[in-house]
Amino acid sequence: MINTPEQFVQVQKNTLDLFQAMALKSLEGFEKLAELNMQAFKTSIEENAENMKSLMAAKDIKVMGDWSLNAAHPAADKVGAYAKHVYDITSETGSEIAKLVEKQLADGSKQINASIEAMAKNAPAGSEGIVTLVKSAMTAANSAYDQVNKATKQAVEVAEANIAAAAKSTRPAARKAA
């Protein structure tokens, strides 16, 4: 319960700190993605230059045909690896931001519960039913939040497992195509 201007200022400071931490985590994620993209671009330029040199050095059409068939396999693996790196970076950033928000929500929940307890102590006689109703509503809200949070985490785990399975299955398909 906010009783003084100092408490209000502290709540605002905590919220500002949360937003700052979230912005910094987001920026770290963007930096990692930019670094990954720059490395992928640099590698792509170098590999394309090497491929063009080997293609230009080809003496007959069979060597050129073999080169084009063999080029498809590494490209598919690289696209899959790039996608996995992007997913890892975004997943890590999202998880770190979620931890920050969960901590803030837990702190807010403690503060609300303390306010309800203070209200219950100062409530006039005969208002026990209302206090009980407010407490049970808070308990139900916290329970619903916990269930949604668990379901979200399970969905993320399933998605990660599906991505890993898809990455494994694309490699044999790319090799068969090559």
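Any read-out appearing in this document is the output of simple, stated calculations on the displayed coordinates, not a laboratory observation. Quick caveat: nothing in here was measured; it's all calculated off a predicted structure. Note that each Cβ is placed from the backbone with ideal geometry, even for glycine, and that neighbours are counted across all protein chains shown.
Taking the helices alone, the chain has a mean residue ellipticity at 222 nm of -34500 deg cm²/dmol, built from -39,500 (n - 2.57) per DSSP H run of at least 4 residues and averaged over all its residues.
Remark: C-alpha extents of the chain on the principal axes read 98, 33, 11 Å, sorted largest to smallest. Among T93, T132, the ranking by other beta carbons within 10 Å of each residue's beta carbon, starting with the fewest, stands as T132, T93.
Net charge of the neighbourhood of K42, taken over other residues with C-beta under 15 Å away and scored Lys/Arg +1, Asp/Glu -1, is -3.
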